[in-house]
1. Reachable lysines from LYS266, Cα under 17 Å, same-chain residues fewer than 8 places away excluded?
2. Tell me, for the chain, which Cys residues have no other cysteine's C-beta sitting closer than 4.7 Å.
3. Would you calculate a helix-derived [θ] at 222 nm for the chain, using -39,500 (n - 2.57) for each DSSP H run of n ≥ 4 and dividing by the full residue count, to the nearest 500?
4. Where the accessible area of the chain is counted over protein heavy atoms with a 1.4 Å probe, how much of it, in %, is carbon and sulfur?
5. Between helix 219-233 and the chain, what is the angle of the helix's C-alpha long axis to the longest principal axis, kept within 0 to 90° and rounded to the nearest 10?
6. Compute the long axis of helix 13-38 from its Cα atoms, compare it with the longest principal axis of the Cα atoms of the chain, and write down the angle in degrees, 0 to 90, nearest 10.
7. Taking +1 at the Cβ of each Lys and Arg and -1 at the Cβ of each Asp and Glu, which of GLN51, TRP62, GLN87 sits farthest along the dipole of segment 37-100 towards its positive end, judged by Cα position relative to the Cα centre?
8. Based on the mean of other Cβ atoms within 10 Å per residue, sort peptides 99-107, 363-371 so the most packed one is first.
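The values are calculated or read from the model by the stated rules, or taken from the named source; none is laboratory data. Note that the coordinates shown come from a computational prediction; the quantities given were computed from them, not determined experimentally. Note that each Cβ is placed from the backbone with ideal geometry, even for glycine, and that neighbours are counted across all protein chains shown. SASA here: full protein model, heavy atoms, side chains in, ligands and nucleic acids out. Shrake-Rupley method; radii C 1.70, N 1.55, O 1.52, S 1.80 Å.
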Amino acid sequence: MDVTLRCRAYPDEETASEAWRHIEIHRQIRNHAIRDYYSYDYGNRPSAYDQHRKLTDWKQRWPVFSEVSAHAAQQTVSEIHKNVETQRGRRENGHKTGRLKWQGSGERRSVVYQSEGFDVNHTTGQDGYATLRLSKIGHIPIRAHRELPSTENIKRVVLKKERTGDWFVCLVMERPDDELPEKPGPDALDSADCVGVDLGILSYIHTSDDTAVDMLDLSDEYDRYGREQRELDRKEHGSNNWEKQRQKVATAKRQIKRKVLDYQHKLTTWLVREYDLVAVEDLDVKPMLETSQNAKNKQDAAWSRFLNLLEYKADLYGTHVVRVEPAGTSKECSECGVATSKPLWIREHSCPACGHTENRDLNAAKNILSRGRSQIGAGRSESTPVQTALPTFTPLRVDAKRVVEAGSPEA
């Protein structure tokens with residue numbers, strides 16, 4: 001699997017200007033490759049290898065294309081064909097896809113070097129920093145907030161300029177599968193080390209052991225973002241003051257994104273460290289955002305990314321993550337399995353068949369765990385008792401501000 005280290009980069013003014021010029025040239029190469037690709041009839045379109053061979057002719061016709069790294073230019077062309085493969089997969093799953101779109105000026109913000117054209121110098125003489133050399137761009141100081149790999153162990157390097165004006169470098173390494181921890185077999189799973197996770201409305205998650213974690217409070221961050229956006233609307237579009245204010249808007253928006261991402265990292269790390277099996281709902285978020293009046297809160301929850309992070313970290317920590325069908329998890333009784341329809345505003349589950357009563361999200365989490373254990377071949381989960389120290393229907397709630405990563409000083 002690939003592991004990525006993201007580091008802050010500090011290019012000087014001259015190097016930053018040259019890097020941005022290279023990114024713009026790569027944007028032109030990508031747009032020209034898209035035009036060339038769609039100029040052929042369907043079924044006879046060129047492969048990535050075919051367009052790599054055409055790069056030599058393109059450089060002779062447009063000399064500016066030869067000013068960037070030839071290897072990086074090939075990666076830009078390969079990117080198109082990866083996108084085409086992604087679209088083909090989506091079509092096979094029933095989604096409608098159009099053609100690849102051109103990128104306008106300023107829309108492309110990164111350049112990729114694969115396997116060659118870069119070098120990392122760890123002996124800069126300054127603690128906490130290293131130097132990255134990129135072919136035809138120059139030397140860029142980067143912050144080494146953790147131990148950086150040697151050049152031969154780096155698979156791919158991505159240089160990116162964010163809309164805030166900050167530069168970042170992503171170092172991608174390939175971690176061999178034999179170095180990953182082995183996941184326990186289905187027969188070796190202890191019920192105490194298995195958990196079902198319901199992605200909630202009133203809480204971010206509610207687990208089958210009756211622990212609920214509150215939603216993040218982003219009201220202050222959105223107030224700041226709104227103020228900066230209103231200030232931007234008062235500036236003359238394209239002026240120097242407009243550009244400065246645009247970066248402030250991007251910074252405010254980035255703060256929201258970073259806060260949610262940090263929150264998700266801490267939650268997912270806690271789950272994969274604490275349990276050997278994590279069963280979650282396999283939600284289709286896109287139609288939920290299109291039809292729900294509560295779409296903004298669901299978008300802030302970023303459930304799709306939460307599930308992806310959970311699966312990614314499960315491989316790093318040797319934990320099973322199972323996505324289960326979410327339909328009916330709130331209706332079925334976790335004790336007897338009888339389905340009972342109830343509107344969304346009813347937050348308690350009361351089974352008319354067996355009389356079992358408990359919190360609606362807790363009941364759903366138990367059903368998710370049972371489905372997850374059955375799906376992985378570990379059998380139906382045992383009923384998890386509700387914590388007796390709490391009043392009926394009152395789960396153990398954890399404030400979002402108290403969510404800390406396991407092993408941290410606050411934990």
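1. LYS257, LYS313, LYS401
2. CYS7, CYS170, CYS194, each lacking another Cys Cβ under 4.7 Å.
3. So the calculated ellipticity at 222 nm is -13000 deg cm²/dmol.
4. Values: 10300 of 22450 Å².
Looking at the chain in its full context, I get 46 percent from C and S.
5. For helix 219-233, the angle is close to 30 degrees.
6. 80
7. Checked the options; the winner is GLN87.
8. Listed from highest to lowest mean packing, they are 363-371, 99-107.
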